[in-house]
Amino acid sequence: MLAQYVYPSTLGLFRIIRHGRRWRALREGAELGRFECEQSALHALRDEYPRARLPARLERWRFLPQLALVHARASDADELHWQLEA
């Protein structure tokens, strides 16, 4: 999961997601645009959806940090071997 800010509203779930070096502004599954900083994405969402009453400061949004991807793989010794009955 990518780092993102999330805010639920009566108009849907709003998200500002880090995508590489840019930030994506979304309402539900619809992307409003991509921005250089999270503040620009926030301003665009607030301008586009004034009835959503989105907070002006990102500190009032819920921040979900990026989860580290686990690239570890179980070794063959960790696998379970089931006996097949004919």
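Take Leu32 and decide whether it is surrounded by 15 or more Cβ atoms within 10 Å (Cβ to Cβ) and of a type in the set (A, V, I, L, M, F, W, C). So that I can check it myself, show each step before the final result.
Details: surrounded by 15 or more Cβ atoms within 10 Å (Cβ to Cβ): yes; of a type in the set (A, V, I, L, M, F, W, C): yes.
So Leu32 passes the test.
Out of everything in the stretch 5-53 that is hydroxyl-bearing (Ser, Thr, Tyr) and out of contact with any Leu (no Cβ under 7 Å at 6 or more places or on another chain), what residue ends up being modelled with the lowest pLDDT?
Here is the first cut: in the stretch 5-53, the residues hydroxyl-bearing (Ser, Thr, Tyr) are 5, 7, 9-10, 40, 49.
Now narrow it down to the ones that are out of contact with any Leu (no Cβ under 7 Å at 6 or more places or on another chain): 10, 40.
On the way: Thr10: 93, Ser40: 98.
Step by step, filter the stretch 5-53, then rank; the result is Thr10.
Within the stretch 1-47, track down each residue that is among the aliphatic types (A, V, I, L, M), in a strand (DSSP E or B) and over 22 Å from Leu67 (Cα atoms).
Once the filter is applied, which keeps residues that are among the aliphatic types (A, V, I, L, M), in a strand (DSSP E or B) and over 22 Å from Leu67 (Cα atoms), the stretch 1-47 yields Ala30, Leu32.
Please find, within the stretch 54-86, the residue that is surrounded by the fewest Cβ atoms within 10 Å (Cβ to Cβ) out of those that are modelled with pLDDT of 95 or more and in a loop (DSSP other than H, G, I, E, B).
Of everything passing the filter in the stretch 54-86, Arg57 is surrounded by the fewest Cβ atoms within 10 Å (Cβ to Cβ).
The values are calculated or read from the model by the stated rules, or taken from the named source; none is laboratory data. On a predicted model such as this, the values are computed, not experimentally measured, just so you know. Glycine gets a Cβ as well: all are built from the backbone with ideal geometry, and neighbour counts include every protein chain shown.
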